[in-house]
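Q: Below is one structure. I have some questions about it.
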Amino acid sequence: MTLFILSILMAGVTGLYVARPILARRAALLADVTPGEVQDADMRRTAALASLSEIEYEFLAGKLDETDYAELRRKLSREALSAIDRADALRTRRESESSLQCCEYRNPPGSRFCGGCGEPLLAADE
Amino acid sequence: MTALGEVALWIALLLTIWGVGTAFIGARRGRGDLVLSSERSLHAIFLLVVLSAVMVVVAFLRNEFHYRYVAGYSNIELATHYKITALWAGHAGSLVFWVALLAFFASLVVRANRWKNRDLMPYVSATLHSVILFFLVVIIFTSNPFETLSFTPADGRGMNPQLQNFWMTAHPPTLYLGFTAFTIPFAFAIAALLSGRLDTRWITETRRWTLLAWFFLTIGIIMGMIWAYETLGWGGYWFWDPVENASVLPWLFGTAFLHSVMIQEKRGMLKSWNLFLVLGTFLLTIFATFLTRSGLIDSVHTFAQNLTISYVFLAYLTVLTIICTGLVWWRRDRLKSEHRLESFLSREAAFLLNNLLFVGAMFAIMWGTMFPLLTEGLLGQTIAVGPPFFDRVTIPIGLVLLALMGIGPVIAWRKASKRNLRRNFTLPTVMGLSVGLILWAAGVRHPYALLTFILGVFTLTTMGVEFWKGTRARARIEGEGAGPAFLHMMSRNRRRYGGYIVHIGLVIMFMGFAGSAYDVEEQAALEPGETMSVTSAWGHTFDLTYQATSAYPATNMTKLVASVRVQRNGRDVGILTAEQRAYRQRDETISVVGIRRAWNEDLYMIMAGIEDPNGVIQGTNPRPLVTFRVLVNPLVPWIWIGGILMAVGTLIAMWPRRGVPERPAPPRTVPVGKVPRRDERELAEIG
Amino acid sequence: MTEEARRAIGKLRSPYCPGLMLEVCPSEPAVILRDSIRQMALDGHESDEIVEWMLANHGEEWRALPRWAGWGMWAWILPPAVLIIGAGVLIGVLRSLRGRRDPDEVDDDGTDVSDDENERLTAALAAWDAEERER
C-alpha cells in the first residue's frame, strides 16, 4: 500500500513539474539573444585574430621563414580585417533591423511586447 | 519498498517519450513552453534514475535476495562497500548506473545551455531523450535489476572475487563516465544536422564535451590496465581482450576528432569528416556496450553478459548508422570546405595523416576483434585472433604516431618551409639517435623497443624545445622574466600546452610499454627456507627466500599469505607477500600478487600454486610447498606516471575560462504574450 | 627454456585462462602444458610441429595467430589494405582541397596593409588580448 501511494506521489510530482511550463504558459528561449549569425561572425573574428597573433610566436620560435612570415602576415591581416568588418556590419545590421528593439531593453527572441517600455513589437524576430 | 526503483524506471520511460515528442514539436512549431517541458523532463529523469539506482543499492545493503540481481551478485557476508559497488558488478545494475550517468550529463547540458545554443537545445534534448529511451527499454524489458525470483534464497551467490578490489570499484564508473559523456557531442552533432545550424558554434560546444569524455575514458582505460596488472596475476596490463579493445575503439575515434576539430576551428575545413568522427565515436560506444554485454566473444569480462540483448543493440546500431548517414547526406551542401589547403607541408596535412592512422588503428583493432565472430558466422568455423596479432598490427601504427607527435607541433599552419623543418629537427634527431646508440651499446637489440626509445626521445626533445621557445618568445614580446613568461604562456594557451603534456605522458607510457620486451620470468616450487633468483634486465639479481605461509580467516574468505624475503644483489630489501584468497560463497580462489615497486621496474610475485591448502588452513601442514612465479617487469611504473601526466595535461587543456563576460541576458522563461514581470525587467536592466 | 619452445608457446592461447596467452596463463594445467611443450622441444621437435600437436589435442581455436592461408589471410590483409586505401583517399582529398580556390581569397600583391588598416588591426588585437587576459 505504501508502495502504491509513494508511486502515485512520485508520478504526480514529476508530472506536475514537467507539465508546468505548458500549464503556466512559460516558455524557454528558442533562439539566443545574440543572433546565431552574429555569434558565428564573432567567433570567426576571434579565430582570425588568434591566428594573427600566433604567427608572431611561430616566427619567433623559428617555425616560419622571414619571407613566409611576411606573406602569411599580410594574408592573415587581410583575413582578420575582413572578418572584423563582417562581424561589425552584421551586428549593426541585425540591431537596426531587429523588430525586437524599441528602446534600450534587449528583448528575447519571440517577444511580442517590449520588456522595457511595454510597446507591442511588430513581428517575431527569427 | 525497493520496488519503488522499478516504478521510477517506468515513469522515466514515459517521460523519455514525452521529452522526445515535446522537444520536436516545440522546435518545429516554435513552442517554447513545450521545449521547456522537455528540458525539465531531463532533470526529472535524472532524479528518477538516480532513485532507481539508489534502490538497487539499498536492496543490496538489506540483502533482499528475492531480487535475482541481488542474489546473483552479493551475499550476506560481503563487505558493505562492495555491496554498494555491486550496483555495477553485473549487467542489469550496471545498465541502470549507466543511464544514471547519462541522465546526469543530460541534465548538466540543459543547465549549462540555458542562455546559449538555444536554437540547438530542442534537438539536443530530443536526441538525449531518445538515447535514454533506448537504454531504459533495454533495462526494463530485457535486464531488469528488480526482477524477482519465485523464492527467496537464504544467501546470495556472492560477488565475483576479481571484482572485490579497489580498482574494480573505480574503473567501471570512470569508464562509464567517459562512454556516457560521448553522448553529448553526439546530441550536439545531431542537433546541428537537424537544425541546419552547422556553423562554428556547435563544434566549439562539442569539442569541450568530447575533451571531458576523453578525459574520463582515458583514466578509465588506464585504471582497467592497473586492475588487470594487479589482480589478474599474470604480469601484464593489456591483453587485447575484446572488451578492452571495445573501450579503445571510441577512444581512438575521439582522439582523432580532438585533433581534426582544430582544422575546422582554424580553417573551416573538414566539416563532414568531423561530423563523421563525432557520430562514429558515439556509435562505437554503443558497439562497445554491445561487445561487453553480448558475451558473443569470450573474454575475462564475462561477468556481465546476456545474449538476447545483443540483437537489440545490433538493431539499434543499425538504425543509428542509417539515420546518421542520412542526416549527413541531407545536409551535405552546408558541409563544404570554406578554405583551401595551402600546402602539403602544413599542420593541416599532418593532422590529416594523424587521423588516417587513428582511424586505421581503430579499424585494425575492430577487425581483429570481430574476425573470430565473423568467420564463425560466415564459415561455421572460428578462426581465432590472439594478442600477438594485435601487437603486430598496431605497434607499427603506434610508432608512426609517436614520430608524428614530435613532428606535428613543429610544422606551421598553412605552409611550412623545408629549411625551417630541417633546422627545427636537427637537435631532436641528434638526441634521439644518440640515445639509440647508447642503448645499442648497452645491449638493447629489440627492434621495436629501440625504435620506441629513439622516437620517444626525439618527440620529448621537440616538446621541450616547444616549451622553451614559447617561453622565450613570450618573454621577448611581453618583456617578462622566464618564470612568469612560462606560466602566462601556459595559462594563455591551455589547450596547446595541456595537449603537449598529454603527448609527453603518452610518450613516457609508450616507453613503459617498450620495457615489456625485457620482462624476465622465473618459476619455482619452494619449501620454506629455499631460495630462487631472478636477474633483472638492468643486470642486478633478486634472491627470494620463501619464509612461511600462514592462513588468516577474513570476512567472506580465507587468505593464504606466503611471505618471501627479498635480497637485491645480496642486500636485504624487505619482505614481499603474495596471497591466495579462497572465497567461501563462490568456491573460487584468486591470487593477489605482491609487487615491489622501484622507479625503473616492478618485482612482481605470484603465488601460482600451493600444496595441501586445507592442511595449512587447519594447521596440520606448517611447511607447505609453494610454487612462485616471479617476474621483473622493467619500466612498468613509467606507464602509470605517463597516465597521470596525460590526466593532468587534459585537465589543463579543458580548464574552464574564468567569468566569460556574458552579454546582457534576459530571464529565460518569458510568459508568452504578456509583459514581463517587474523583477524580470530589473534583471534584464542589470545585465 | 629453448628458443623453439618459447616460439611455440608464443603462438598459442591458453585453454585454461579466458583470453590469455599460454605464455602467461597462471593456471595449474597451463603450467603442465608448458612443461610438456618444453619437453617436446628438448626432444627435438620444431615449434610448428609442437603447435600442430597442441591444436590437434585441444582444438583449433587456441591458435593465437591466424594462418597465412585460406580465410585466415584476410585477417592480415585487410588492416594494411584499409590503411593503404585510406592513404590514397587522403591524398585525393588533399589534392582536391589544394586545387580549390577560396571564394573570398585576396590576391597577395605584395603590398602591405595600409597604416589605417594596421591601426584598426592593432586595436582589435589589443581588445582581444585584454578580453583573453581577464579569463
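Q: Return the residues of segment B:402-446 that are assigned to a helix (DSSP H, G or I), of a type in the set (G, A, S) and within 13 Å of chain A (Cβ to nearest Cβ); say none if nothing qualifies.
A: The answer is B:G408, and nothing else.
Q: Here is a further query. In segment B:360-385, which residue that is at the interface with chain C (Cβ under 9 Å from one of its Cβ atoms) and part of a loop (DSSP other than H, G, I, E, B) is farthest from the chain's Cα centre (by Cα)?
A: Among those residues, the one meeting the criterion is B:Q381.
Q: Now a separate question. For segment B:249-270, does any single residue satisfy the condition of being crowded, with 21+ Cβ neighbours inside 10 Å, closer than 30 Å to B:V630 by Cα and of a type in the set (A, V, I, L, M, F, W, C)?
A: Among the residues of segment B:249-270, not one is crowded, with 21+ Cβ neighbours inside 10 Å, closer than 30 Å to B:V630 by Cα and of a type in the set (A, V, I, L, M, F, W, C), which makes the answer no.
Residues are listed down the side, and each one gets a yes or a no for (1) at pLDDT below 95; (2) of a type outside the set (V, I, T); (3) in the same structural domain as B:V261 (by TED's automatic domain parsing):
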residue	(1), (2), (3)
B:I184	no, no, yes
B:I203	yes, no, yes
B:I221	no, no, yes
B:T231	yes, no, yes
B:N245	yes, yes, yes
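Q: Scan segment B:290-300 and give yes if some residue there is modelled with pLDDT of 80 or more, within 26 Å of the chain's Cα centre (by Cα) and more than 14 Å from every other protein chain (Cβ to nearest Cβ), otherwise no.
A: yes
Q: For segment B:607-659, which residues satisfy the criterion of being in a helix (DSSP H, G or I), among the polar types (S, T, N, Q) and without any contact (Cβ under 8 Å) to a residue 12 or more places away in the chain?
A: Selection gives B:N614, B:Q618.
Q: Among (1) surrounded by fewer than 21 Cβ atoms within 10 Å (Cβ to Cβ); (2) aromatic (F, W, Y); (3) touching a residue at least 40 places away in the same chain (Cβ under 8 Å), where does B:F486 come up short?
A: (3)
Q: Let me ask something additional. Taking the options B:V70, B:V35, B:V57, name whichever one is in contact with a Leu (Cβ under 7 Å, 6 or more places away or on another chain) and either more than 14 Å from every other protein chain (Cβ to nearest Cβ) or part of a loop (DSSP other than H, G, I, E, B) (or both).
A: B:V57
Q: When segment B:519-549 is examined, which residues are found to be assigned to a loop (DSSP other than H, G, I, E, B) and of a type outside the set (F, W, Y)?
A: B:D519, B:E527, B:P528, B:G529, B:E530, B:S536, B:A537, B:G539, B:H540
Q: Tally up the residues in segment B:621-657 that are within 18 Å of C:V24 (Cα to Cα) and not polar (S, T, N, Q), please.
A: Summing the residues that are within 18 Å of C:V24 (Cα to Cα) and not polar (S, T, N, Q) in segment B:621-657 gives 7.
Q: Hey, another quick one. Kindly list, by first and then second residue, each pair from a residue in segment B:235-246 that is free of Cβ contacts under 8 Å to residues at least 60 places away in the same chain and within 11 Å of chain C (Cβ to nearest Cβ) to a residue that is of a type in the set (F, W, Y) and in a loop (DSSP other than H, G, I, E, B), limited to pairs with Cβ atoms under 8 Å and residues at least 6 apart or on different chains.
A: B:E244/B:W238
Q: Among B:R332, B:R340, which is in contact with a helix residue (DSSP H, G or I) (Cβ under 8 Å, 6 or more places away or on another chain), more than 11 Å from chain C (Cβ to nearest Cβ) and not small (G, A, S)?
A: Residue meeting the stated conditions: B:R332.
Q: Further question on the same structure: Do we have any residue at all in segment B:97-114 that's at negative phi, outside any helix (DSSP H, G or I) and surrounded by fewer than 23 Cβ atoms within 10 Å (Cβ to Cβ)?
A: yes
Q: Does B:A517 satisfy the condition of being in contact (Cβ under 8 Å) with a residue 60 or more places away in the chain, within 11 Å of chain A (Cβ to nearest Cβ) and among the small types (G, A, S)?
A: Spelling it out, it is not the case that B:A517 is in contact (Cβ under 8 Å) with a residue 60 or more places away in the chain, within 11 Å of chain A (Cβ to nearest Cβ) and among the small types (G, A, S).
Q: So, one more: With the checklist (1) more than 16 Å from B:Q585 (Cα to Cα); (2) touching a residue at least 24 places away in the same chain (Cβ under 8 Å); (3) out of contact with any strand residue (DSSP E or B) (no Cβ under 6 Å at 6 or more places or on another chain) in hand, flag the one item B:L47 doesn't pass.
A: (2)
Q: Hey, another quick one. Among the candidates A:I84, A:I5, which residue alone is over 17 Å from C:T122 (Cα atoms), modelled with pLDDT of 85 or more, in a helix (DSSP H, G or I) and more than 10 Å from chain B (Cβ to nearest Cβ)?
A: Of the residues listed, the single one that is over 17 Å from C:T122 (Cα atoms), modelled with pLDDT of 85 or more, in a helix (DSSP H, G or I) and more than 10 Å from chain B (Cβ to nearest Cβ) is A:I5.
Q: Is there any pair linking a residue in segment B:465-483 that is closer than 13 Å to A:L60 by Cβ and not assigned by TED's automatic domain parsing to the domain that holds B:T429 to one that is surrounded by fewer than 16 Cβ atoms within 10 Å (Cβ to Cβ) and not β-branched (V, I, T), with Cβ under 7 Å and at least six apart or on different chains, and which?
A: Close Cβ pairs satisfying both conditions: none exist.
Q: While we're here: Which of the following residues is of a type in the set (S, T, N, Q) and surrounded by fewer than 23 Cβ atoms within 10 Å (Cβ to Cβ): B:T174, B:T180, B:T210, B:T206?
A: B:T174
Q: Go over the candidates C:L55, C:L42, C:L33, C:L97 one by one and state the one that is within 7 Å of another protein chain (Cβ to nearest Cβ) and either in contact with a Cys (Cβ under 8 Å, 6 or more places away or on another chain) or at pLDDT 80 or above (or both).
A: C:L97
Q: Would you point out which residue out of C:A69, C:A87, C:A75 is surrounded by 15 or more Cβ atoms within 10 Å (Cβ to Cβ) and either out of contact with any helix residue (DSSP H, G or I) (no Cβ under 7 Å at 6 or more places or on another chain) or assigned to a helix (DSSP H, G or I) (or both)?
A: C:A75
Q: Moving on. For segment B:345-356, indicate whether the set of residues that are in a helix (DSSP H, G or I), of a type outside the set (S, T, Y) and closer than 30 Å to C:A8 by Cβ is non-empty.
A: For segment B:345-356, residues in a helix (DSSP H, G or I), of a type outside the set (S, T, Y) and closer than 30 Å to C:A8 by Cβ: absent.
Q: Next question. Among residues belonging to segment B:115-131 that are part of a helix (DSSP H, G or I) and within 14 Å of another protein chain (Cβ to nearest Cβ), point out the one that is nearest to B:V35 (Cα to Cα).
A: B:P122
Q: Based on what the data block shows, is A:A31 under 29 Å from B:R29 (Cβ atoms) and at the interface with another protein chain (Cβ under 7 Å from one of its Cβ atoms)?
A: yes
Q: Here is a further query. Can you confirm whether B:S143 is surrounded by 17 or more Cβ atoms within 10 Å (Cβ to Cβ) and of a type in the set (S, T, Y)?
A: yes
Q: A further question follows. Take segment B:578-602 and flag every residue that is farther than 14 Å from B:E230 by Cβ and either charged (D, E, K, R) or modelled with pLDDT of 85 or more (or both).
A: Once the filter is applied, which keeps residues that are farther than 14 Å from B:E230 by Cβ and either charged (D, E, K, R) or modelled with pLDDT of 85 or more (or both), segment B:578-602 yields B:Q580, B:A582, B:Y583, B:R584, B:R586, B:D587, B:E588, B:A598, B:W599, B:N600, B:E601.
Q: Considering each of B:L399, B:L357, B:L450 in turn, give the residue that is under 31 Å from the mean Cα position of the chain (by Cα), within 21 Å of B:G505 (Cα to Cα) and within 10 Å of chain C (Cβ to nearest Cβ).
A: Result of the check over B:L399, B:L357, B:L450: B:L357.
Q: If C:V31 satisfies all but one of (1) within 22 Å of B:R392 (Cβ to Cβ); (2) in a helix (DSSP H, G or I), what's the number of the condition it fails?
A: (1)
Q: OK, next. Where the second residue is of a type in the set (F, W, Y) and assigned to a helix (DSSP H, G or I) and the first is within 9 Å of chain B (Cβ to nearest Cβ) and lies in segment A:43-58, which pairs have Cβ atoms under 7 Å and are six or more apart or on separate chains?
A: What qualifies is A:I55/A:Y69.
The values are calculated or read from the model by the stated rules, or taken from the named source; none is laboratory data. Bear in mind the structure is a predicted one, so any value in this text is a computation, not a measurement. So basically every Cβ, Gly included, is an ideal-geometry build from the backbone, and we count neighbours across all protein chains shown.
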